[in-house]
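The values are calculated or read from the model by the stated rules, or taken from the named source; none is laboratory data. Predicted, not measured: the structure shown is a model, and the values here were computed from it. Neighbour counts are summed over all protein chains in view; Cβ atoms, including those assigned to glycine, are modelled from backbone coordinates with ideal geometry. Accessible surface is based on the protein model in full, side chains and every heavy atom, while ligands, DNA and RNA are left aside. Shrake-Rupley method; radii C 1.70, N 1.55, O 1.52, S 1.80 Å.
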Amino acid sequence: MPKINDIFKLDYGHSLELNRLEQSTAPDAVNFVGRAARNNGVTARIKPVPGLSPSPAGTITVALNGQGGAGVAFLQPFPFYSGFHVMVLTPKVPMSEQEKLWWALCITANRFRFGFGRQANRTLKDLVLPDLENKPEWADSINVLKFEGAACPQEAGATVDLAPAHWRAFRYDEIFEIRKGYYNKKPPTSAKEGSVPFIGATEYNNGVTAYIAHDNLKKFSKDGSINLNEPLDRKIFPGECITVSNNGSVGEAFYQPEPFTCTHDVNPLYLKDKQVRLSPELGLFLATVIRADKYRWGYGRKWRPIRMPNSLISLPVTPEGVPDWSYMEGYIKSLPYSSQVP
């Protein structure tokens, strides 16, 4: 099997310090790639450095150390500068964008080798990669252009101004029908998988911790307060609502588009105004506002349904002082990437 240095030419990046550079949002600004594990490794955009050429687009960056980012590889679609301990990989033979993405995926799959403070400075060149004949078909056939335009808003025009002066505080029970989750255990990994999302008190993956089969709902109920003989559909909540963790990651809120079940550590919230549809855009706005208040529930405080009705949520209002649902929905539609909201 080939090693990385059989396929790529390895060079250290620019080894620049971001705090000595001038950040910029101008059209001629250049991406600065650091050791981050997110956002394609880009941590800022900076003014061009006189006399220093950026690394070319189409190369792969690999963080050599760093908390969480060591061993993570990204294909850089634009010219860039780089910080300390970033390796730049240039293919030794011409490659398609799909093939470069495949190799970046293979390199990142080895990131576990660089945990616990181990650096990849000396060992990266000897990292073993799969043989070319083992490359899956999709690595050459996938259409990478299907994401073009993903950064566009749903509606053309400038981003709507939030105008915080036109907001008003409401009690939660004025806005939401607050429901209680069920006393469901988290399904074991051996449970039969299905299509019903299981929402837990987590801050990740839209709150989904598993997908379970419909007939598992009775099996994983644990508390006598639930009538195990009731119809299983009673344990499934309708979609188009917001789930809020009342324990664990308290205050973490997510929009749920599809029917789901959940634990008693989750409060499902439905709009009381039945004339208004809780669309994905409106749900994302409300979930963000709820999540912004999660700091209030630190230090072990729980946000059970008995306490939530008295809590306050601030929302944009019409001149009549009622929630301006169309304004909230329009704000989300005006944001970049909102074209990808289903």
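Any chance you could run the full-extension gain for residue 204 through residue 6? It's 0.36 nm times the residue separation minus the Cα-Cα distance, nm to one decimal.
Details: separation 198, 0.36 × 198 = 71.28 nm, distance 3.77 nm.
Extending this stretch completely gives an extra 67.5 nm.
Is segment 233-332 rounded, prolate or oblate when judged by the Cα gyration tensor, a ≥ b ≥ c being the square roots of its eigenvalues, rounded requiring a/c under 1.5 and prolate requiring a/b larger than b/c?
Details: a/c = 1.92, a/b = 1.24, b/c = 1.55.
It is oblate, given that a/c is not under 1.5 and a/b is not larger than b/c.
Take the Cβ atoms of residue 113 and residue 25, set R0 to 45 Å, and the FRET efficiency comes out at 0.75. Extension gain for residue 39-residue 122 works out to 27.3 nm (0.36 nm per residue, less the C-alpha to C-alpha distance). Calculated accessible area for segment 31-123 comes out at 50 Å² per residue, all protein chains present (probe 1.4 Å; ligands, DNA, RNA ignored).
Here the contact order of segment 39-185, divided by its residue count and restricted to Cα pairs under 8 Å and six or more residues apart, works out to 20 percent.
Solvent-accessible surface (1.4 Å probe) assigned to residue 14 amounts to roughly 40 Å².
Over the chain, the fraction of Cα-Cα pairs per 20 Å bin, rounded to whole percents and listed from the shortest bin up, is 24, 45, 29, 1.
Segment 269-329 and segment 21-70 have their alpha-carbon centroids 37 Å apart.
Set the Förster distance to 41 Å, then compute FRET efficiency between residue 317 and residue 143 from the Cβ-Cβ distance, nearest 0.05.
Details: r = 44 Å, r/R0 = 1.08.
Between residue 317 and residue 143 the formula returns 0.40.
For the pair residue 193 and residue 90, what calculated FRET efficiency results from E = 1/(1 + (r/R0)^6), where r is the Cβ-Cβ distance and R0 = 51 Å, to the nearest 0.05?
Details: r = 42 Å, r/R0 = 0.83.
Calculated value: 0.75.
Across the chain, the mean sequence separation of Cα contacts (distance under 8 Å, 6 or more residues apart), normalised by length, yields a relative contact order of 16 percent. Let a ≥ b ≥ c be the square roots of the eigenvalues of the Cα gyration tensor of segment 65-137; is it rounded (a/c under 1.5), or, if not, prolate (a/b larger than b/c) or oblate? Cα axes put segment 65-137 in the oblate bin. The residues 241, 152, sorted by heavy-atom accessible surface at 1.4 Å with ligands and nucleic acids left out, run 152, 241 from largest to smallest. Ligands, DNA and RNA are left out, and with a 1.4 angstrom probe the accessible area of segment 235-317 is 41 Å² per residue.
Accessible surface for residue 297 stands near 40 Å², nearest 10, in the context of the full protein assembly shown (1.4 Å probe).
Over segment 47-103, Cα pairs under 8 Å with separation of 6+ residues give a relative contact order of 36 percent.
Share of segment 34-186's accessible area from carbon and sulfur, percent, 1.4 Å? The partial results should precede the final answer.
Details: 5010 of 8920 Å².
The value for segment 34-186 is 56 percent carbon and sulfur by accessible area.
Spin-label pair residue 304-residue 171: with each label point 7 Å from Cα along the Cα-Cβ axis, the two points sit 1.9 nm from one another.
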